[in-house]
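The values are calculated or read from the model by the stated rules, or taken from the named source; none is laboratory data. Please read all numbers here as calculations on a predicted model, not as lab measurements. No Cβ is skipped: glycine too gets one built from the backbone with ideal geometry, and neighbour counts run over all protein chains shown. Surface accessibility is based on the protein's heavy atoms, side chains included, excluding ligands, DNA and RNA. Shrake-Rupley method; radii C 1.70, N 1.55, O 1.52, S 1.80 Å.
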Amino acid sequence: MSQVEKIAPPRHIAIIMDGNGRWARKRGLPRTAGHKAGAEAFRRTANYCRTLGVEYLTVYAFSTENWRRSEEEVGGIMKLLAAYLKEALRDMQKNHVRFRFFGDLSRLSPDLQKLCLEAQERSSKFDEVQVNFCLNYGGRDEIVRAVRRFAADVAAGKADASALTEDVFSNYLDSAGVPDPELVIRPSGELRTSNFLPWQTVYSEFVYMNVLWPDFSPADLDSAIEEFHRRNRRFGGV
Ligand code: IPE
Ligand code: IPE
Ligand code: MG
């Protein structure tokens, strides 16, 4: 048992699963092979989070900007997502993972949308770990969609614009009801957020790591959690 298992992990960990393409390139493999290995890293990490007792794991799987990639790469990622969701539906009674999806699912194929809805509905009764899958997710897009929903409620007389607070607004976001992540991890060495959870991470601790996502191991998660516990979170106080 490692040291960190004795320290309480953060309730909510968010991960930008980055570096699949570079991992594949280093091995002379197609980018899709990197995404396949990345899906394995996700399975490993989600299982480990469940062992540690993490309550929420939010993962960035596909951004609103990732449509700029080749049709072949996007198709490969979508296929892997569908395969993963089918597997999750099959193993649901064993794994007890609760699924939520953040992002604009309407741009996904009808089949993939159906799998997402089914996974969300059929897992809603589980309470071990909640995985929030960010799919066709963009933080700015999430805020714009929330504003649209709020404006529609105002127009329908169901909400009062002058009474809007941060808490009320949070309930219009995809992450409604989910506490903000305490820790955000970005592997791959990039030092940016790439449109990931801008509203929810204003006071999160960011840990950037020089490991490519397909190589990400439980030991890497341990070291990110250790780093998190070394930080002094002040929330604007002293
Ligand atoms: C992350 O890995 C997966 C997605 C963005 C879908 P990348 O594919 O971005 O890998 P790099 O950054 O090119 O190495
Ligand atoms: C962020 O990674 C999105 C996901 C991991 C899904 P990107 O590889 O798309 O981000 P940039 O292009 O390096 O900013
Ligand atoms: Mg990348």
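Please state which one of ARG145, ARG149 is open to solvent by 70 Å² or more (accessible area, probe 1.4 Å) and either within 16 Å of ligand 2 (Cβ to nearest atom) or assigned to a helix (DSSP H, G or I) (or both). Spell out the reasoning first.
Numbers: ARG145 fails: open to solvent by 70 Å² or more (accessible area, probe 1.4 Å).
Within the list ARG145, ARG149, the selection yields ARG149.
All conditions in (1) out of contact with any His (no Cβ under 9 Å at 6 or more places or on another chain); (2) of a type outside the set (Asp, Glu); (3) more than 10 Å from ligand 1 (Cβ to nearest atom); (4) touching a residue at least 40 places away in the same chain (Cβ under 8 Å) hold for ARG68, with the sole exception of (4).
May I ask you to verify whether GLY103 is on the phi > 0 side of the Ramachandran plot, open to solvent by less than 60 Å² (accessible area, probe 1.4 Å) and either at pLDDT 95 or above or hydrophobic (A, V, I, L, M, F, W, C) (or both)? Steps first, please.
Numbers: on the phi > 0 side of the Ramachandran plot: yes; open to solvent by less than 60 Å² (accessible area, probe 1.4 Å): yes; either at pLDDT 95 or above or hydrophobic (A, V, I, L, M, F, W, C) (or both): yes.
Taking the combined requirement at face value, the residue satisfies it.
Screening GLY34 with (1) buried (at least 22 other Cβ atoms within 10 Å of the Cβ); (2) at negative phi; (3) under 18 Å from the mean Cα position of the chain (by Cα) gives one miss only, at (3). Kindly list, by first and then second residue, each pair from a residue in region 131-157 that is over 21 Å from GLN120 (Cβ atoms) to a residue that is open to solvent by less than 10 Å² (accessible area, probe 1.4 Å), limited to pairs with Cβ atoms under 6 Å and residues at least 6 apart or on different chains. Pairs that qualify, where the first residue is over 21 Å from GLN120 (Cβ atoms) and the partner is open to solvent by less than 10 Å² (accessible area, probe 1.4 Å): there are none. For region 199-221, the tally of residues that are β-branched (Val, Ile, Thr) and in contact with a Lys or Arg (Cβ under 9 Å, 6 or more places away or on another chain) stands at 1. Only one entry in LEU197, LEU191, LEU221, LEU135 is more than 16 Å from ligand 1 (Cβ to nearest atom) and either more than 30 Å from VAL74 (Cα to Cα) or of a type in the set (A, V, I, L, M) (or both), namely LEU221. Screening the candidates TYR208, TYR172, TYR203 for the property of being in contact (Cβ under 8 Å) with a residue 24 or more places away in the chain and open to solvent by 40 Å² or more (accessible area, probe 1.4 Å) yields one hit, TYR203.
Exactly one residue out of PRO181, PRO198 is buried (at least 18 other Cβ atoms within 10 Å of the Cβ) and either within 16 Å of ligand 2 (Cβ to nearest atom) or not in a loop (DSSP other than H, G, I, E, B) (or both): that is PRO181.
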